[in-house]
Each structure stands twice: as C-alpha cells, then as structure tokens.
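The values are calculated or read from the model by the stated rules, or taken from the named source; none is laboratory data. The shown structure was predicted, so the numbers you read here are calculated from the model rather than taken from an experiment. Reconstructed Cβ throughout: ideal geometry from the backbone, glycine too, with neighbour counts over all protein chains shown.
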There are 2 protein chains.
Amino acid sequence: MGSEGQEVKLVGAWFSPYVYRVAWALKLKGVQYEFVEQNMRDPNKRSSLLLDCNPIYKKIPVLLHHGKPIVESLFIIQYIDETWKDNPILPTDPYERAMARFWAPLIDEMLLEGLKRMTYTEGEQLMKEMKQVSNALQLLEEMLKGKKFFGGEKVGFLDIAFGWIPIWLGAMEEVAAIDFLNPYQYPLLHIWSNKFKEVHFVKDSLYPKDKLVRFFNKFRESQLKLAPKKI
Amino acid sequence: MGSEGQEVKLVGAWFSPYVYRVAWALKLKGVQYEFVEQNMRDPNKRSSLLLDCNPIYKKIPVLLHHGKPIVESLFIIQYIDETWKDNPILPTDPYERAMARFWAPLIDEMLLEGLKRMTYTEGEQLMKEMKQVSNALQLLEEMLKGKKFFGGEKVGFLDIAFGWIPIWLGAMEEVAAIDFLNPYQYPLLHIWSNKFKEVHFVKDSLYPKDKLVRFFNKFRESQLKLAPKKI
C-alpha cells in the first residue's frame, strides 16, 4: 500500500532504539515518512513540536499522522500495523498477540533499561542489574528455539521490538566492559542478531557502532555526575 | 457467541480492581468462566497455580483459556476482544485504539497506584501524590466532554479499564480522608460513575464499599509498618 499524501512524520533522535523500531515498522510497511530529529540532550531545548505532541512524557518517538500524534513506541507499532494492513507485524493468533504485547515491554525494562543502568552503576546494584540482563537474554534464547525469527519464519512484532539488540547491545557492552552477545553464551540470539542486521529494511538504517559507543560514554559520564555520592 | 467447552478460568482476588476489569470484559462478551480466588496477602501462600501461570510477576489477574495463561489485565482485555468478536471492546479506529492503549496504563499509574500510595504516605510525598491524582481526574473529566461513556455511546475499553473508580475510589477516599468523587469537582466523572455502576454486567458484581474500606485500612496499616522511619 502506498502512502502518498499520508503526511507521516517520525519525531525522534538518531541514538534512540525506541525510535528505530518505529522506523523499521514504517519501512516494513513501505510507508514513506519524514524524519524530524530532536535535540534530546538538553531538556530546555526540547522543541515546541515535541512538547505539543507528547506533553505528558515529553519523550521520543512520536509519530505524526495527518498531524495527529501517537506516542510510546510499542503502541505506535500497533497503530502502524492497524493502519497499513499489508505485511502484518503482529501475529494473527490472539494468544500469540497477547504474548508479543507482554514480552516487548518486559524485555525493554529488564534488558534495554537494565543495560543502560549497567553503564553507570557499581557494586551490588550492578550485580543485580547484570543478573536481570542475563535472565532477559536467557528468556530471548528460549523464545528463539525452533524459530528463524521471533515472529517465526518472518520478521514480526518482537523482532522489531528487539531489533536494537544487534547494534545497541554491542555498543553498551563496550561501555560497560561486558560481553554477552558472543556466539557461545546465547547462540540462537547471536544467530538471530546477524540475521536481523541483514533484513533489507534494517541493513541500511543501522548506525556505526563507534558513534553509539561515544554517545553511551557521554551518557555514562552524565549519569555518574547525577548519581548520589556513596556514604 | 457462546463459550461452551471454552474452559475459561479467571484467577484473581475479590479486592483487586485489576481482576474486576477482566471479569467485566468477559461478562460484556457473554463468556462463561470459573473464578478461582487466590490468597494474595501472604506471598508464601501463593498457590502453585498462580506461580505456574505467572512465574515472572506472580500477580493477578491471570486468564486461563484452554489451560494457556494470559497475564496483565489490559493485555487480557485485548485478548478477550480478539478471541470473542461480538460486542467489540476496543474502538474500531486505529487512532482511537492507540489512545485507549496509551491512557489506560497511564491512568493506572497516576490514579490507581497513586491513590494506593496516598493511603500510606504523608507530608511532601502525599502532596505530590495528591497533585498527580488530581491531574489524572482532570484528564478523565476532559476525556468525557461530549460523551456518555469513555467509549462514546457504548461502554468500551477505557470504561472497563476505569470501571474500578466508582467503587474503589470511594473506599480509598474514606481511608485517605479525601473527597474527589463529589458532583462539584469533576461533574462529568461523577455522572459517568453513576452510569457505569448501572451497566447490566457491572451492577451485580460490585463489592460493598465497607468491605473494601476495611480491606484498605488493613492495607494501609501493613504499608505503614513497611515504610522507612523518618530521620
């Protein structure tokens, strides 16, 4: 399905995995869109566009469709799937759909947010985060048993939701000096990561890892400055 | 659509608003189900059924359909809507659907969890919670402008999601010694509350307020015991 005159804008920032997943959903559907880059570093510099679109969370991504804002990446993907029907993203079966809706935000919290916290925590807290991250990776490994993609034979909702892993995890690992994504510890996840990076709409959209490493190093420094001093 | 041989079980507890919304969704669809009451007070007494069904969160509600567990109330409602197609719960329009998915968990956090915290916090924290609760109620008041129900002319996803308000808010208010749900402060919400309580599948399922008040008083006491002492 074409998207002429659909006026689709994606408000985001280059470093955000939450934004990329929305871009991939649009690309999978073949929807043309304009990318509107936001400065997210400085809360005082957030554009009036972002504040208008997402006054509650003031977060990216925001999808603007005919001027109407949709927020929260996982809800945006469901919106995209319900608006452009070709190339379905969510599974057809209601139980599988419920599972996809359940796992995506849980893995975001355990793995993506957990990894972020790992870049700037230490001691007991770091151990706790690390354990949670390992648990999340083990859950993903289990999910991939007997499957090519999380969606089965084709890329689906969970592939798009977890699609940040192949590149962001690598960058975060470098910053936090850990190594999860090796071929030995989580072999199925390792294979999937390489396969996902080769998917046609993903291939050209991934940022070079060294740019992300520099970004996460800065992020880490800013968080360490904010962190309460140890007593 | 009938549900003969569908083997639907709802694992829950009488006091939980998260459980009631699932029961209402099932009743709206005319799905017969068995209610399996769980003891949630004592974490050591949680049944093996609950631990098997929801090993990650160990929380209610759990819907068991043909033995398969679905967890998280808002995802369960979407599952019910996608499994039994009559009497649609979510709106048809993708944008409205996205909005419903966005508001439901946000109001849970701001209002339902906020009210719970209000029963046992004090000072600055209590003021903060109270402000958030007021903001949430104001958002609901805005949503009801020009509408009979949150779903429009008929009860929909957000009515079922917010359906705990008419009875639980009243009980929590008594425990926290506040009064939000009067006819003057949020008149549209007040009218909606009375209307929702009269909906045929809701009418007979609401618990007497005094039983809930006793429950929240005990909850409050247990939380106060847990709260860190002031320095």
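For the range A:29-48, the criterion of a residue being more than 22 Å from A:Leu212 (Cα to Cα), of a type in the set (D, E, K, R), modelled with pLDDT of 95 or more and touching a helix residue (DSSP H, G or I) at 6+ places or on another chain (Cβ under 9 Å) is satisfied by at least one position. Note on the range B:46-105: residues that are under 25 Å from A:Asn135 (Cα atoms) and among the acidic types (Asp, Glu) amount to 2.
A residue that is more than 29 Å from B:Phe216 (Cβ to Cβ) and at pLDDT 90 or above can be found somewhere in the range B:5-15. Kindly establish whether B:Met110 is crowded, with 16+ Cβ neighbours inside 10 Å and more than 14 Å from every other protein chain (Cβ to nearest Cβ). The answer is no for B:Met110. The combined condition, being more than 17 Å from B:Ser193 (Cβ to Cβ) and away from chain A (no Cβ under 14 Å), is fulfilled by B:Met118. Look at the range B:177-195: where a residue is aromatic (Phe, Trp, Tyr) and a partner is surrounded by 12 or more Cβ atoms within 10 Å (Cβ to Cβ), sitting 6+ places away or on another chain with Cβ atoms under 6 Å, you get B:Phe180/B:Leu137; B:Tyr186/B:Leu137; B:Tyr186/B:Glu141; B:Trp192/B:Leu144.
For the range B:44-55, the tally of residues that are assigned to a helix (DSSP H, G or I) and within 13 Å of chain A (Cβ to nearest Cβ) stands at 1. For B:Tyr95, indicate whether it is touching a residue at least 12 places away in the same chain (Cβ under 8 Å) and at the interface with chain A (Cβ under 10 Å from one of its Cβ atoms). Answer is no for this residue.
Among the residues making up the range B:76-92, those that are within 12 Å of chain A (Cβ to nearest Cβ) and either under 12 Å from B:Lys9 (Cβ atoms) or not charged (D, E, K, R) (or both) are B:Ile76, B:Ile77, B:Gln78, B:Tyr79, B:Ile80, B:Thr83, B:Trp84, B:Leu90, B:Pro91, B:Thr92. Among the conditions (1) away from chain A (no Cβ under 11 Å); (2) surrounded by 14 or more Cβ atoms within 10 Å (Cβ to Cβ); (3) more than 17 Å from the chain's Cα centre (by Cα), the only one that B:Ser73 does not satisfy is (3). Tell me which of these B:Thr92 doesn't satisfy, since it passes every other one: (1) surrounded by 18 or more Cβ atoms within 10 Å (Cβ to Cβ); (2) over 19 Å from B:Phe180 (Cα atoms). In the conditions (1) surrounded by 18 or more Cβ atoms within 10 Å (Cβ to Cβ); (2) over 19 Å from B:Phe180 (Cα atoms), B:Thr92 misses (1) alone. Among the residues of the range A:157-172, the one identified as part of a loop (DSSP other than H, G, I, E, B) and touching a Pro at 6+ places or on another chain (Cβ under 6 Å) is A:Trp164. Put simply, of A:Glu198, A:Glu221, A:Glu174 the only residue that is over 16 Å from the mean Cα position of the chain (by Cα), within 27 Å of A:Ile80 (Cβ to Cβ) and charged (D, E, K, R) is A:Glu198.
If the condition is being on the phi < 0 side of the Ramachandran plot and more than 11 Å from every other protein chain (Cβ to nearest Cβ), then the range A:56-70 contributes A:Lys59, A:Ile60, A:Pro61, A:Val62, A:Leu64.
Taking (1) surrounded by fewer than 20 Cβ atoms within 10 Å (Cβ to Cβ); (2) farther than 24 Å from B:Tyr79 by Cβ in turn, A:Met118 satisfies each apart from (1). Filtering the range A:99-106 for residues that are over 15 Å from the mean Cα position of the chain (by Cα), modelled with pLDDT of 95 or more and surrounded by 20 or more Cβ atoms within 10 Å (Cβ to Cβ) leaves a non-empty set. Taken as a whole, the condition of being within 13 Å of chain B (Cβ to nearest Cβ), of a type in the set (A, V, I, L, M, F, W, C), closer than 25 Å to A:Lys218 by Cα and without any contact (Cβ under 8 Å) to a residue 40 or more places away in the chain does not apply to A:Met127.
Only one of the numbered conditions (1) farther than 27 Å from B:Val11 by Cα; (2) in the same structural domain as B:Gly30 (by TED's automatic domain parsing); (3) charged (D, E, K, R) is not met by B:Glu142, and that is (2). Among the residues of the range A:173-200, those that are at pLDDT 90 or above, of a type outside the set (Val, Ile, Thr) and part of a helix (DSSP H, G or I) comprise A:Pro187, A:Leu188, A:Leu189, A:His190, A:Trp192, A:Ser193, A:Asn194, A:Lys195, A:Phe196, A:Lys197, A:His200.
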